[in-house]
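A short write-up of the structure that comes next.
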Amino acid sequence: MSDNTQPIRDIVASVLQAAADKQTLTIRGGGTQQFHTGLVHESTALRLDRYTGIISYEPSELVITVRAGTPLRSVESMLASRGQQFAFEPPRFGPNATIGGMVATGLSGPRRSFSLALRDAVLGIKIINGKGEVLSFGGEVIKNVAGYDVSRLFCGSYGTLGVILEVSLRVMPRPPVELTVVRETRTADACQAIQSVRQQVPNLSGLAYDSGRLYCRLAGSEASVAKSVALLGGEVSEQAAGFWRQLKDQELPFFREPGPLWRVSVPPAAPQGNFGARFVYDWGGGLRWIKTDATAEQVRAGTGQLGGSAVLFRSEESRLLDVSASLSAPAIALHRRLKSAFDPMGVFNPGLLFPAGQHHAD
């Protein structure tokens, strides 16, 4: 195995230099997230795409430890060759997606609500904070945490707390059988149809709605899958693997249509809501991708009435995530305290989750 001590020293030196010069750094892996996170032009890019490789992997232990710059597709391919997978089915928004970017965005795919979220698969992490310190949290054992699980803070932090160097992740066996039943469903009946399937079928691994069709993915033994197919009726799709890939990677025609894209998280049983929207449902109704002419205030208010939250994921007008706009004042204060603790000089990814210069605690 190659010696990767020098690359870590180089990254630490870059962080220390930026802090000393009161400059900022934009952490970059494969660059596949820029379409919705935007670019911080005044920052220097801190590249991690050369810090690659699998540090350890033991299939019988269901744990893999990987360097942050390692391409996600190569890790998934290797896991598939051993009959295993990431249970959270991470999206890839381009061929250069990396493990570090996967963790930093914290996004999970269609399997998430029937298995586990990305943050639940993170067992340990090694990072560099804004002071140039190399810190490790958690480990490679599934039950190893006493107290607060700091490693999970970095899932969905978008690189604002520190540089992710390495991560240990739980993996799962691939199911013996997996297939998809497709049912024609009217738009007005989508929510009711989704809830009916959830109540009928115990072995779902994906449940989504798009353009008048309800996609029900089933996983398990041959006998259990056959029983669920008989319960559901509908058509068994031979091309469904392509649909699930296009859904998680946002390659369906819906995602290419013009207009701002909202990521709405609600209880799965929540009604459709009145946004005048075009939509795609995932996670059995718990994740809703929406395109609408409604204002941001109307979308957030309507989502709040459904018991959820909404984030503007992509827009031609705004290139930065507006996560802070969907948070309460106490939550924003907590985010700032975390930012101040891990990155007191505001070195990393300024302005990404809340306006630049507002990283200090109140």
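The values are calculated or read from the model by the stated rules, or taken from the named source; none is laboratory data. On a predicted model such as this, the values are computed, not experimentally measured, just so you know. A quick note on method: Cβ atoms are made from the backbone with ideal geometry, for glycine too, and the neighbour counts reach across all protein chains shown.
Which residue out of Ala104, Ala87 is in contact (Cβ under 8 Å) with a residue 24 or more places away in the chain, in a loop (DSSP other than H, G, I, E, B), assigned by TED's automatic domain parsing to the domain that holds Asp10 and surrounded by 19 or more Cβ atoms within 10 Å (Cβ to Cβ)?
Ala87
Based on what the data block shows, is Leu207 surrounded by 18 or more Cβ atoms within 10 Å (Cβ to Cβ), under 23 Å from Pro7 (Cα atoms) and either modelled with pLDDT under 95 or within 23 Å of the chain's Cα centre (by Cα) (or both)?
Taking the combined requirement at face value, the residue does not satisfy it.
Is one or more of the residues making up the range 152-169 free of Cβ contacts under 8 Å to residues at least 40 places away in the same chain and more than 21 Å from Trp289 (Cα to Cα)?
yes
List the residue pairs whose Cβ atoms are under 7 Å apart, where the first residue sits in the range 54-68 and is part of a strand (DSSP E or B), the second is loosely packed, with under 15 Cβ neighbours inside 10 Å and of a type in the set (Ser, Thr, Tyr), and the two are 6 or more positions apart or on different chains.
Taking only residues 6 or more apart or on different chains, the pairs are Thr65/Ser56.
I need every pair where a residue in the range 30-53 that is modelled with pLDDT of 70 or more has its Cβ under 8 Å from the Cβ of a residue that is acidic (Asp, Glu), sequence separation at least 6 or different chains.
Listed by first residue and then by second, the contacts come to Gly30/Asp49.
Hey, could you check the range 232-274 for residues that are of a type in the set (A, V, I, L, M) and assigned to a loop (DSSP other than H, G, I, E, B) and say which is surrounded by the fewest Cβ atoms within 10 Å (Cβ to Cβ)?
So the residue we want is Ala269.
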